[in-house]
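As structure tokens, the structure follows; a few thoughts come after it.
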Amino acid sequence: MEINQSFNPGEIVYIIIRNPHAQDVAHIQQAAVVQNPEDANSLALFIHENYFPLTEEYAVFTTEEEAEAAYQQAFGTVDSGEEFYG
């Protein structure tokens, strides 16, 4: 199934974003699913006043809890003593 078929305009989703200036910094960000302004047949993520095509390149979660679990699995947690090195 194509990722665009999994979501509808108006839904709020959560993604993990890396800081482009510091690759060892990542956080969970809320985003809105919207109609892609450049392609009426596809959807986009609206984040920080910018549109990003909704593609398989993004790990999109329907709940903040799912995003948090994926984040902890990928990057560890401060409490567990795990460290992420890139």
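Here are the numbers:
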read-out	value
Residue list for segment 7-27, restricted to those being in contact (Cβ under 8 Å) with a residue 12 or more places away in the chain and more than 14 Å from the chain's Cα centre (by Cα)	N8, P9, G10, Q23, D24
Tabulated pairs, segment 53-72, first without any contact (Cβ under 8 Å) to a residue 40 or more places away in the chain, second exposed (fewer than 15 other Cβ atoms within 10 Å of the Cβ), C-beta under 9 angstrom, 6+ apart or interchain	P53/E38; P53/D39; P53/S42; Q72/S80; Q72/E82
Segment 53-74: number of residues that are of a type in the set (A, V, I, L, M, F, W, C) and surrounded by 16 or more Cβ atoms within 10 Å (Cβ to Cβ)	5
Enumeration of residues in segment 16-35 that are modelled with pLDDT of 95 or more and over 15 Å from T63 (Cα atoms)	V34, Q35
Qualifying residue in segment 28-50 (condition: within 13 Å of the chain's Cα centre (by Cα), part of a loop (DSSP other than H, G, I, E, B) and not β-branched (V, I, T))	yes
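The values are calculated or read from the model by the stated rules, or taken from the named source; none is laboratory data. Everything numeric here is computed off the predicted structure, so don't read it as measured data. Here the Cβ is made from the backbone with ideal geometry for all residues, glycine too, and neighbour counts use every protein chain on show.
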